[in-house]
Every structure is written in C-alpha cells, then in structure tokens.
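Have a look at the structure below, then the notes.
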Amino acid sequence: MAKLTPKDIDSKIAAGLDESGDWIKVGMSTCGMAAGAGEVFSTLQQEAKKRNLEVRIKKCGCQGMCYAEPLVEVHCAGLPDVVYGRVDKETAIKILEKHISAKTLVNDNIYEVRTRRQA
Amino acid sequence: MCSEHILEQLKPIVEEWKGKEGSLIMVLHAVQNHFGYVPREVSLQLSRLLEIPLARIYEVITFYNYFKLEPPGKHRISVCLGTACYLKGAPVILEEVKSILSVKEGETTKDGLFHLDVVRCLGCCGLAPVMMVDDKVYGKVSKGQVMEIVSKYGKEG
Amino acid sequence: METDRKIILLADTEQSQQDKLRDFYTSFANQIKDKGLEDAVSLVRASDIGIYGKGFAVKILPRGIVYTGVKESDIGAIIDASVKGQGTVERLLFSEEPKQIRIVLRNCGVIDPESIDEYIACRGYGALKKILSGMNPAGVIEEMKKSGLRGRGGAGYPTWMKWKFTRESQGDRKYVICNADEGDPGAYMDRSVLEGDPHSVIEGLIIAGYAIGAGMGYMYIRAEYPLAVERVKKAIGQAYECGLLGKNILGTDFSFDIDIRLGAGAFVCGEETALIASIEGKRGTPRPRPPYPSVSGLWCKPTAINNVETLANVPYIIMEGGDKFALIGTEKSKGTKVFALTGKVRNSGLVEVPMGITLREIVFDIGGGMLGDKPIKAVQTGGPSGGVIPVDQLDTPVDYENLQKLGSIMGSGGMIVMDESDCIVDIAKFYLGFCVEESCGKCAPCRIGGYQMLNLLNGIAEGSGSLEDLDKLRRVALAMQRASLCALGQTAANPVMSTLRYFEQEYREHIVNRKCRSHKCRSLMTYSIIQDKCKRCRVCVINCPVNAIEGDREKGFFIDVSKCVKCGKCFEVCKFQAIAKE
C-alpha cells in the first residue's frame, strides 16, 4: 500500500464506509469465536456461493452483546438492518434463504433492528 | 537434546532480538512458542548467546506465571477461574476435571496427554463458565459436559 | 417487493415465556388476516429489542414506534391505529432515550478490524491528520484538558496532566506506553477494543507521543490474548505501510515508532512502575514513587502510560473537540465508561454508558435484569482492587468520586452482579486469594498482610472464626492500605473492607451461628435425608466416598454427620430431591 497524504485521508473520510450492496457481518472476536462464529462465517460463505447470492460476507469486532454470540448483522436492500444472535449453522442458512433471498426476516433470533442510516 | 540442535533452533530468535533493549521477556516468549516450555539447556545457551547471567533469566522465568519449566502435556486444559466463571460454577468444573484426570492444577497426567491449568479470565465472561482445550474455547460448560469434552481429546490420542 | 411493507416485530421483554410469545404471535397474525392486511405487513418474532421487564412489546417499522405492556386485547387497537393508519395508541406508547453512548466502542462491531481502509472511512486517522496540519503539542494537551478525560485504567488521573508533566520533564528520549495488560479477572473491555478496533488505540498512542514529544511507543499486551496481539500486530504493520507510523508521518517532520511487548501473566504488571520493569525485561516488581514515570520512567526517561480505553477516546476528542466530549458525563467525570457486565445478570456483555448513569439502570435497563429473576444482592466494581456495592446504593450515579465514597473504585471496568446465592465471605475470599497469589512479594505489608487476612477469612468460612477476627481483619487491612508499596497491596483489602462495611451481619452469621445463608461455604453445611421423600434406592449409599450413610431399606437411611465430609455427592446423585442441604 502506498504512503498516504493528508489529502488521501480527507477523501477517504469523505467517501465514508462502503456499505453498498447486500452484506452480512459476523462478529469474530474471542467471545464470538468461542461461541462458534468461525463455523457460521464459513457456512455463510459456502452456502452463499452455492446459491449464487450476491452478498458480501464480512468480519467485524465485538458488538457487545456477548450473551447472544455468535452475532450476525444483515444489511439487505428494502429491509432494515438486523442483528441476529445465537446464530448456528441452521440459522445462518435461514438468513441466506429468507432474509437475503426472500426478503423476510427470520423469526426468533433477532436481537436488534436498526432503522436505516441513510435514506 | 544436543546443544548444536538447540543452537540451530535458537539462531533466528536470538538474531531478531539481540542488542534490543529489554528483550529478555520477548525472547522467552519466542522460546516457549517454539519448544512449548523453557528447557534448562535452552536457558543455558540463551545466557551465553545474549550475555545475560543465568540467574537473571531464571529470575524472570519464575516470576511470570506464563513461562513453564516443564514440558506441557499433549493437550492443555485451562479452566477459567475469573470472577464471572467463579460465580457461575467454575470451581465445580475444575473439581470435575481434576477428578477425571486425577491431577492437580499445574500438573500433567502420567501418560503426558493432558496438562491442567487454572487461568484468570480468558475474556469470554459472557459465556461463563468457560474452559479451554488447546486453542478451543468451550463456553457455558456444565459438570456433565466435562467428561464429553475431555474424552474427545483422549480418543484422538 | 417487500419495501413498502410494514414490519411488525413482536418481543417478550420478560424473556421468560417463549411459548406465550408464540401464542401472542398467532393471535396477532390471525387479526391481521381478519382485517385483510396480510399482504401489507410482515410479522416477526424477535428475541430481544433492548427493552426489559415490560411485558409484550410491539415495534412497527419503518416508523419505529414501540408499544409495551401489550395484551391480546390491545392487538386490534394497534392494528387499526398504526398498521392501517398512521396514528398511535397513546396509552401503550413506549419512548425512551437510548442509555448507551458509543465513543470508545464507536467502531467495534462496525468495521473490519483487519482493514485500515474501513477504519479511515469511519473518520480514522483524521485526528492525526488534524494535529499534524495545524495543532501544536500544547494545543493537543489543551484540547485534552477541555475534554476532562481521566485515566480509564482505574485511578482516574486526568490524562492531560499526565501528558503535560511528561512533556515538561527533561530527557533526551521520551516514551509513551499503552497499558493493555488487562488483569482484572472478569473484565475484557480492552480485549474487545484491541480486537474490534485496534487502529483507534494506535492512533491515540501516536497522538499521545506527539503531545509529549516522544519518538517511541510500546503496546504492552497480555500474552493470554493471542487474537488481540495478532490484530494489533497487523494494524501496526498497515500503519507503517501507509506512512502513519515511522519516519516523517504524513510528510511532516514528526516521526514515531510503535513496538509490541507481551505481558507474561503477572497482575502486578498493571501497576505502572512494575509494567515499566517488565518492558525492560525484568521481574515486574514495582518501585516507590516519586519519582513518577512522567519524570523517570522507561529506561529512566520521562514516560506517559495510558490505558487502552483512555487512548481509544483520544482520536474522538481531537476530531470532535474537547468541549463536545465534556458535554457527556458528570461534573468531575466526563465522557463514557465501558463496563464488562457479567455475573448473575441476564445479558452479559460490554456496555458503554455515560458517566453519571446509575448502577440500577445498567443492570436492569441495559443488562435486562437478573438471571432467573432472582433478587439482586450486590454489584462489584473495580475487580480485586474494588469493592462490593449493596443493593440499597444501586441508585448512586456512577462516577469516580461516588464509587470511591461507597468504598469501591471505578477500576478498569469489571462489573459483576451478584444474587442471594452468592456468599459475601466467599467473594471476599476469592478476591483476596487472587491478590495474595499475585502479590510480587517485594514489600511486607502486601506479602504478609494479605496472607494473614486470607487465613482469617478461611477460618471464618470454615466455622472456626471468632468475632475478634473481624477487628483483626480491619487492622491488617489498614496496615496494608497505608504501608504497601504499590496499588496492588494498597487496594487488596478493599473487597474485604467493603463487604465488612455493608454485610457484617453475614460475617457474624458465619462466626456465631456457623451458618452460610448462601450455602456456599462447604464446611458450614449439613446434609440430611428427608425421610418422606427417600425412596430407599441406596444410590447415595453407593456413591458416598466415606461410607457416612447408614441404615437399611426397612428402617431408612441416615447420614452420620461425624463421618460426613460434606462433599455433596449424595445431594447430586439423588433423583428424588431427598437430600436436604442447610
């Protein structure tokens, strides 16, 4: 990576976080990993590929709700951002099939719903 | 372990750290990562290579809980006795592990398969009580699950 | 498309009646169908919507209105008002400001911690750019002064003063150190920040270095946190590649390097002089202060040591301004504090709250109340150096001064919730035992005092204590507080002193009545067989390791208390709950 100039920093900040398209973030800190986030992450990757879904699977740090790990945040056009908790392999697949493909929220694992930041 | 063999293995570690200020603890970390503990012969060689008195090396090894002077068992079992785990029944888990393996904390089983340690907080308090085998963390462990967890590693040998 | 549909979330805020939530869901769904609205809405069951103890909750999106305490009979009214129309049912409306404010954790769980680009996109390194393109070190310190930020490692010393003193000290080299040797058993705030947003700490450390005139910084991290070490290592590498570390940062004449040093499992190394000794490659024993590290620290050079959370606040303060930061919190404690909320609370996790919030709000509004709805007994803050705060003080606003008045400390952020099944003597023993084990042994008050206090506590827990022991405990504690070399010894007695202050009665019960009301102190328990419940299956007889259970199937079985070693095996194996424990 090239050295940054002050201008580069300004323009990167102005551009903001790339949250375009559909994405899924998995909390991959120690507590998440202990609760099985690693398996959830690879399941999401494999199953999304199998289904040809255009969705980015990303890693992130601790969201704070350790009691509900593994946590998975889903951002999908037309729906509010949802944080699912206590996600296992089965729920991960449900998230892909229902939330991403069919655009309906998955029952019983919702821990937070955020109204969209941008319009 | 022959000394030439040790020298060979120590070379990259010593090269990285020699001459850097206050590097002894980092060197010991690298040694323990490599050998699993800090063998006596290694300390002797380190003393020579780094020109640090042997007494200083042992003074440091014995002060810090993290450094081991004995070879560890094949699998390391760590039972967390941090506050959250303690309140949620970690002492019972520890007793169970001890009784299954018939060792005390800090000891290795006779067959060298397991080493039992007590640790203070693995940082997974949300999942208390927690135990760890090698790098795998088991959360919300119940007394009944201990046998199941331990035997997983026993069978693989 | 789904876009125009309303989403209705249903949640049980008591979180105890999942079946009832399903019934509630079914009636809601039926009424929606009856009114012909099934195509206009989608109905979902949520596990948690951040509201607790208020019955069933209904949240309607995208408007975001929330109803609580909803009964089946209210469903019709809600559908008519807010699903069909744009109105509200005033009597059920729930509105509350969010209790958490995220400054330290602003990026945790948002960005990929292994991507410097994502950190920068969230205004990262903007503060570094800002100071390098027009703020002198004195200006940075002035901004920190305005913010009122105090050290988050425990003692709460103003950060700007630490920086100012280190800046003013004479020395050809100066150092900054990030103390990431999180030793409090039961706290993991620093780990989460290092794992979730390592660049914020690195940026804070660079800014600290600029402010005090240091060219070198160290991150001293617990070796027990391998993932945190790995992510910090990666982040430092990225910062070098981008020219944010190293020579001539961002094209200016400011140069700064960071290196990692690993701790090795010694709690005392959280104390700053011991930490310095450890970075120098020695045993981590503290030394008397003064001289303070700001005058003579690492390799006898002026050194500023800041904790992880303190440093993570710094970029925010520089970017947003000290004044804005100072709007949050109380008069003397500004900003937010991250706590690791654990123990007998329903939602164990990390919370970041404004200073001045009450313990009750943290435990009940954020933590979701007590596990299993058992009554709360106390909250412990400050780890082994802190104290136990009883239930009647739960409405005290949390800040440095108030917690100290209550006999505890802010500490690094451990917050352990206890219920009636936790024995106060046992808790005191746990914390003191930790300090005795971790005492470096250099000074006598800590080495001997701690050991003696632990002996007294063990006696009390085993039923051989006397009332005089309570005075002895207080006397030794005082000696430790006054005469120990470092904070470990000076504060080691805090858990004992605070429990004696608020729960002396429980100590007395152990001593006088030989009773542990929480059934934790094994030696004080007696086991007996409840004859009415006993099915005479002999399972307990077979399992008793000392053959203390006598009798036969005709006459029934009895435990011989003189033989019983109180191991609890019989209690555990009995399938008929026929063993009584008192």
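Observations, loosely collected:
- Cα pair distances exceeding 17 angstrom across chain A, given as percent: 57 percent
- Residues in segment C:463-507 that a label on C:Arg517 would reach, taking backbone N under 18 Å of a point 7 Å out along Cα→Cβ: C:463, C:498-507
- With contacts taken as Cα pairs under 8 Å at a separation of at least 6 residues, segment C:6-92 carries a relative contact order of 35 percent.
- Cα principal axis extents for segment C:1-148, largest first, Å: 69, 35, 29
- Rolling a 1.4 Å probe over the protein heavy atoms of segment B:1-128, with every protein chain left in place, gives an accessible area that is 51 percent carbon and sulfur.
- Calculated P(r) tail over 42 Å for the protein assembly as shown, as whole % of Cα pairs: 37 percent
- Averaged over its residues, the protein assembly as shown has an accessible area of 40 Å² per residue, based on protein heavy atoms and a 1.4 Å probe.
- Atom-type composition of the exposed protein surface of chain C places 50 percent of the accessible area on carbon and sulfur (1.4 angstrom probe).
- Each listed q (0.17, 0.20, 0.23 Å⁻¹) maps to a log10 I(q)/I(0) for segment C:336-419, found by the Debye formula over equal Cα scatterers with no solvent: -0.56, -0.79, -1.09.
- Structure-based [θ]222 nm, chain C - -39500 (n - 2.57) summed over DSSP H runs of at least 4, per residue, nearest 500: -10500 deg cm²/dmol
- Degrees, to the nearest 10: A:37-50 long Cα axis against longest axis of chain A: 90 degrees
- When restricted to Cα atoms, segment B:42-124 yields an Rg and a Dmax of 16.2, 48 Å, respectively.
- Principal-axis tilt of helix B:24-35 within chain B, Cα atoms, nearest 10 degrees: 60 degrees
- Between helix A:6-15 and chain A: long-axis angle, C-alpha atoms, 0 to 90°, nearest 10: 40 degrees
- Computed accessible area, C:Met161, all protein chains, 1.4 angstrom probe, square angstrom: 60 Å²
- Overall size of segment B:3-63 from C-alpha positions, given as principal axis extents largest first: 26, 22, 19 Å.
- Diffusion coefficient, µm² s⁻¹, Stokes-Einstein with Kirkwood Rh over alpha-carbon pairs of segment B:82-157 at 25 °C and 0.890 mPa s: 195 µm²/s
- DSSP beta bridge pairing in chain C, given as percent antiparallel to the nearest 5: 60 percent
- Computed with a 1.4 Å probe over protein heavy atoms only, the accessible area of C:Ser255 comes to about 40 Å².
- With the charge dipole of chain A set up from +1 on Lys and Arg Cβ and -1 on Asp and Glu Cβ about the Cα centre, the Cα lying farthest toward the positive end among the listed residues A:Ala92, A:Gly21, A:Ile110 is that of A:Gly21.
- When shorter helices are ignored and each DSSP H run of at least 4 residues is given -39500 (n - 2.57), the per-residue value for chain A at 222 nm works out to -8500 deg cm²/dmol.
- Residue-averaged 222 nm ellipticity for chain B, from DSSP H runs of 4+ at -39500 (n - 2.57), nearest 500: -15500 deg cm²/dmol
- Where A meets C: accessible area buried, both sides, 1.4 Å probe, Å²: 3900 Å²
- Of the residues making up segment C:100-124, those losing 40 Å² or more of accessible area when the isolated chain is joined by the remaining protein chains, with a 1.4 Å probe, are C:Gly109, C:Val110, C:Asp117, C:Glu118, C:Ile120, C:Ala121.
- Considering only C:Gly217, C:Ala277, C:Met189, and ranking their Cα positions along the charge dipole of the protein assembly as shown that arises from unit charges at the beta-carbon of Lys, Arg, Asp and Glu, the one farthest toward the positive end is C:Ala277.
- Cβ neighbours within 10 Å from other chains - mean over A:101-113: 6
- Point-charge dipole on Cβ atoms (K/R +1, D/E -1) for segment C:464-564, about Cα centre, debye to 20: 200 debye
- Fraction of accessible area attributable to carbon and sulfur, chain A (%, probe 1.4 Å): 50 percent
- Normalised alpha carbon radius of gyration of segment C:457-582 [divisor 2.2 N^0.38 Å]: 1.44
- Hits among aspartates and glutamates - C-alpha to C-alpha of A:Lys89 under 16 Å, sequence gap 8 or more where chains match: A:Glu39, A:Glu47, A:Glu69, A:Glu73, A:Glu97, A:Asp108
- The calculated Kirkwood hydrodynamic radius for segment C:234-389 is 19.3 Å, given to one decimal from all distinct C-alpha pairs.
- For the protein assembly as shown, with +1 on Lys and Arg beta carbons and -1 on Asp and Glu, the positive-most of C:Met370, B:Pro12, B:Ala55 along the dipole: B:Ala55
- The dipole here belongs to the protein assembly as shown: it is taken about the Cα centre, uses +1 on the Cβ of Lys and Arg and -1 on the Cβ of Asp and Glu, and is about 880 debye.
- Segment C:526-581: Cα Rg divided by the 2.2 N^0.38 Å rule of thumb: 0.96
- Reducing segment C:310-375 and segment C:541-582 to their Cα centroids gives an inter-centroid distance of 48 Å.
- Accessible heavy-atom area order of B:His34, C:His519, B:His75, highest first, probe of 1.4 Å: B:His34, C:His519, B:His75
- Distance-filtered residues of segment C:49-64 - backbone nitrogen under 17 Å, label point 7 angstrom along C:Leu93 Cα→Cβ: C:58-64
- Taking each of C:Lys515/C:Lys563; A:Lys49/B:Lys140; C:Lys129/C:Lys301 in turn, the alpha-carbon distance tops 22 angstrom for A:Lys49/B:Lys140; C:Lys129/C:Lys301.
- Interface size, chains B and C: roughly 3200 Å² of accessible area buried, both sides included, 1.4 Å probe, rounded to the nearest 100.
- Shielding by partners, peptide A:53-60 (average Cβ within 10 angstrom, other chains): 3
- Global form of segment C:116-326, assessed from the alpha-carbon gyration tensor, a/c cut-off 1.5: rounded
- Cα gyration tensor, chain C - rounded (a/c under 1.5), prolate or oblate: oblate
- For segment C:424-513, convex hull volume per residue from C-alpha positions, Å³: 71 Å³
- Debye log10 I(q)/I(0) at q = 0.09, 0.10 Å⁻¹ for chain B, Cα point scatterers: -0.37, -0.45
- Taken residue by residue and averaged, Cβ atoms of other chains lying within 10 Å of the Cβ of C:434-447 number 1.
- Segment C:183-221 versus segment B:7-43: alpha-carbon centroid distance in Å: 26 Å
- Each part gets one Cα centre, and for segment C:9-59 versus segment C:242-265 those centres are 53 Å apart.
- Pairs of Cα atoms farther than 17 Å apart, segment B:103-145, %: 39 percent
- Total charge dipole magnitude, segment C:336-419, about the Cα centre, Cβ charges on Lys, Arg, Asp, Glu only, Debye to nearest 20: 240 debye
- Over 20 Å (Cα to Cα) - which of C:Lys54/C:Lys99; A:Lys25/B:Lys152; C:Lys6/C:Lys54; C:Lys20/C:Lys99; A:Lys12/C:Lys99 fall in this group: A:Lys25/B:Lys152; C:Lys6/C:Lys54; C:Lys20/C:Lys99; A:Lys12/C:Lys99
- For the pair C:Ser528 and C:Phe558 in one chain, pulling the backbone fully straight at 0.36 nm per residue adds 10.1 nm over the alpha carbon distance.
The values are calculated or read from the model by the stated rules, or taken from the named source; none is laboratory data. A quick note: this is a predicted structure, and the numbers were derived from the prediction, not measured. All Cβ positions, glycine included, derive from the backbone under ideal geometry; neighbour counts span all protein chains shown. With ligands, DNA and RNA removed, areas are computed over all heavy atoms of the protein, side chains included. Shrake-Rupley method; radii C 1.70, N 1.55, O 1.52, S 1.80 Å.
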